[in-house]
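Visitor: Before I ask anything, here is the structure I am working with.
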Amino acid sequence: MTVRSKNVKIHVENLVKNFGHLHVLKGISTDILEGEVVCVIGPSGSGKSTFLRCMNRLEDITSGEIVVDGFHINDKKLNLNKIRENIGMVFQHFNLFANMNVLRNLMLAPVDLKKATKEEAQANAMRLLETVGLADKAESYPSQLSGGQKQRVAIARALAMNPDIMLFDEPTSALDPEMVGEVLAVMKQLAKDGMTMVVVTHEMGFAREVADRVLFMDEGVIVEEGTPEEIFSNPKNPRTIDFLNKVL
Amino acid sequence: MTQIITTYGSLLLAAMGQTLLLALWGLLFGCILGVIFGLASVVDNKLSRAISVVYVNLIRGVPMIVLAFFVFYGIPYGARTIFGARFVLTSLQAGTICLALNCGAYMSEIIRAGIQSIDPGQMEAARSLGLSYWRSMFRVVLPQAIKNMIPSIVNQFIITLKDTSILSVIGFPELVNKAQNVIAITFKSFETWAIVAVMYLVVILALQQVANALERSLKRDRKK
């Protein structure tokens, strides 16, 4: 680890997750570096989303270790809420707070957790809405937005806490095809700005273009990993080859 | 009819006052119990969920008239014969306990169902931002859940108001109890019960109007 020039942001070692008798993750190890964009691809049910959700402990870990910024996140004494402030998450189904308008969606966490005053939070929220191109929707309610707009708001909401890590759980899978582009554009910009990102996705084009590293998962293990070039142009494992043949 | 109204009208109105008083106490404590047990039934704690299930099933499984007799006669008698403690409950105290326990059980089910009707993604999103479980609950989940719960809560309020009539059996001087007294004197059961029925109807329709207005105003400031 020490030979690498960049710091390890997320260290995952031998991660196992069972749901009852169902073994979803069967020992996953990887390091995610600061500023790295890692795309996780693989068939449905391969454990990609579960893997992602373990990183901020939306799912409890059965065994193994996840260390985020030096904190062991399955440590029972850890103040998990503090760690989560630093890890933004974007969900497949947006999960915008339906009882609040867009502006209040962005302001809730920073104000409630005393990261910012109301005025600071509002100014920051407006700036973020500007960057995702939705400043004019500040007063709208989630139900009045399109899917693509909702997801851009969701990204802005996660960014409002000023995290160093962003987790994306199939952010474009629930979108109409014509709205995928606008969300990916925001994510590309984020990657360019140096955000550490872990993206579970079915958008192979995005993975190929933006990822520093691609993980191919199947049946709860990382089958193959490498640069997008290695994975997409020269896959070695037969399961990777089979999967890519089906989706590309 | 007019004779009953002129002679016993004020008595029946006072009895309606007692009915409302009892209903108010019952609803107040019932709501408190409902919130406590409703939340206890959704948190990630097996013990609190089990306690909540036992409470709800116990109350749902016993008719309120039995509960009323048990609380008013049974408990003081048991306390005296088993523990040697002398205490009595007034009919208002016993009535409040019965109504509150009963209303609380049904309210807790309304609250549980209301919370569970909200997409778990709402809670997850709030937690992922670093909000604690209870903050997420109070800022994100409950405000949405309450809106869905209101029709059922209003319904429960009406049922609880009507259930006060059961407590006539332990001698609480509410409307049914007093109406029986009036009939004992006048023998005019048709007129008296008709008047009583209309009095309940008026109060409940009024309550319904208030509830409708509340629901409308909630819908207005949260266009969804």
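Visitor: From the phi of every residue in the stretch B:73-89, what ³J(HN,Hα) in whole Hz does the Karplus formula 6.51 cos²θ - 1.76 cosθ + 1.60 yield, where θ is phi - 60° and glycine or proline is x?
Guide: Karplus values, whole Hz, x for Gly and Pro: 9, x, 5, x, 5, x, 4, 6, 6, 8, 9, x, 8, 9, 8, 10, 10.
Visitor: Keeping all protein chains in place, calculate the accessible area per residue for chain B (probe 1.4 angstrom), answer in Å².
Guide: Per-residue accessible area for chain B comes out at 52 Å².
Visitor: Using the beta-carbon distance between B:ARG80 and B:LEU11 and R0 = 25 Å, what value does 1/(1 + (r/R0)^6) give for FRET efficiency, to the nearest 0.05?
Guide: E between B:ARG80 and B:LEU11, to the nearest 0.05, is 0.15.
Visitor: Output wanted: per-residue J couplings in Hz (rounded whole) for the stretch A:30-36, from phi through Karplus 6.51 cos²θ - 1.76 cosθ + 1.60, θ = phi - 60°, x for Gly and Pro.
Guide: Coupling constants for the stretch A:30-36: 6, 10, 10, 8, 4, x, 7 Hz.
Visitor: Report, by chain and number, residues whose modeled amide H sits under 5 Å from the one on A:MET89, excluding near sequence neighbours (fewer than 5 apart, same chain).
Guide: Distant-sequence amide H within range of A:MET89: A:LEU167.
Visitor: Total Lys pairs in the stretch B:108-224 closer than 16 Å by alpha-carbon, pairs eight or more apart in sequence or interchain only?
Guide: Lysine pairs, 8 or more places apart or on different chains, close enough: 5.
Visitor: Using a Cα-Cα cut-off of under 12 Å, which aspartates and glutamates could be cross-linked to A:LYS114, ignoring same-chain neighbours fewer than 8 residues away?
Guide: Once the sequence-local aspartates and glutamates are set aside, what remains near A:LYS114 is A:GLU85.
Visitor: Distance cut-off 21 Å, Cα to Cα: go down the list A:LYS6/A:LYS192; A:LYS150/A:LYS246; A:LYS17/A:LYS246; A:LYS26/A:LYS246; A:LYS82/A:LYS115 and report the pairs above it.
Guide: Over 21 Å apart, Cα to Cα: A:LYS150/A:LYS246; A:LYS17/A:LYS246; A:LYS26/A:LYS246.
Visitor: For the Cα atoms of chain B, what angle does the longest principal axis make with the long axis of helix B:91-116, in degrees from 0 to 90, nearest 10?
Guide: Rounded to the nearest ten degrees, it is 30.
Visitor: While we're here: How shielded is A:92-103 by partner chains, expressed as the average number of their Cβ atoms within 10 Å of its Cβ atoms?
Guide: Rounded to a whole number, the mean comes out at 5.
Visitor: What net charge do the residues around A:VAL12 carry, taking every other residue with its C-beta under 10 Å from that of A:VAL12, with Lys and Arg at +1 and Asp and Glu at -1?
Guide: Summing Lys/Arg as +1 and Asp/Glu as -1 gives -3.
Visitor: Sequence-distant or interchain residues sharing an amide H contact under 5 Å with A:LEU215, placed H: which?
Guide: A:CYS39, A:VAL40, A:ILE41
Visitor: Using alpha-carbon pairs under 8 Å, 6+ residues apart, how would you state the relative contact order of the stretch B:96-152 in percent?
Guide: Dividing the mean separation by the residue count of the stretch B:96-152 yields 43 percent.
Visitor: Report, in whole Å, the centroid distance computed from the Cα atoms of the stretch A:64-89 and the stretch B:175-224.
Guide: Here the answer is 56 Å between Cα centres.
Visitor: Helix-only estimate, please: 222 nm mean residue ellipticity of chain A, summing -39500 (n - 2.57) across DSSP H runs of length 4 or more and dividing by its residues, to the nearest 500.
Guide: That calculation yields -10500 deg cm²/dmol at 222 nm.
Visitor: Moving to a separate point now. Using a Gaussian network model of chain A whose springs link C-alpha atoms within less than 10 Å, name the residue from A:GLN144, A:GLN92, A:GLN122 with the highest mean-square fluctuation.
Guide: Most flexible of the set in this elastic network: A:GLN144.
Visitor: Could you pull the Rg and Dmax for the stretch B:84-218, using just the Cα atoms, both in Å?
Guide: When restricted to the Cα atoms of the stretch B:84-218, Rg and Dmax are 20.9, 69 Å.
Visitor: In the Gaussian network model of chain A, springs joining C-alpha atoms below 10 Å, which of A:VAL37, A:VAL111, A:VAL210 carries the largest mean-square fluctuation?
Guide: A:VAL111
Visitor: For the protein assembly as shown, taking Cα atoms only, what is the radius of gyration to one decimal and the Dmax to the nearest whole Å?
Guide: When restricted to Cα atoms, the protein assembly as shown yields Rg and Dmax of 30.2, 101 Å.
Visitor: For the stretch B:208-220, in order, what is each residue's ³J(HN,Hα) by Karplus, 6.51 cos²θ - 1.76 cosθ + 1.60 with θ = phi - 60°, in whole Hz (x at glycine and Pro)?
Guide: Values per residue, Gly and Pro as x: 4, 5, 4, 4, 4, 4, 4, 5, 4, 5, 5, 5, 5 Hz.
Visitor: Based on the Cβ-Cβ distance from A:THR62 to A:SER146, what FRET efficiency comes out when R0 is 30 Å, to the nearest 0.05?
Guide: Computed FRET efficiency for A:THR62 and A:SER146 comes out at 0.20.
Visitor: Work through the residues other than B:ARG135 whose Cβ is under 13 Å from its Cβ and net out their charges, Lys, Arg +1 and Asp, Glu -1.
Guide: Counting the neighbours of B:ARG135, the net charge comes to +2.
Visitor: When the helix-only estimate is applied to chain B (DSSP H runs of n ≥ 4, each -39,500 (n - 2.57), divided by the residue count), what is the mean residue ellipticity at 222 nm, nearest 500 deg cm²/dmol?
Guide: -26500 deg cm²/dmol
Visitor: For helix A:177-192, report the angle its Cα long axis makes with the longest principal axis of the Cα atoms of chain A; keep it between 0 and 90° and round to the nearest 10°.
Guide: For helix A:177-192, the angle is close to 90 degrees.
The values are calculated or read from the model by the stated rules, or taken from the named source; none is laboratory data. As the structure is a prediction and not an experimental result, all values here were calculated from the model. Ideal geometry is used to build each Cβ from the backbone, glycine not excepted, and the neighbour counts take in all protein chains shown. Areas reflect the complete protein model, heavy atoms only, side chains present, ligands, DNA and RNA absent. Shrake-Rupley method; radii C 1.70, N 1.55, O 1.52, S 1.80 Å.
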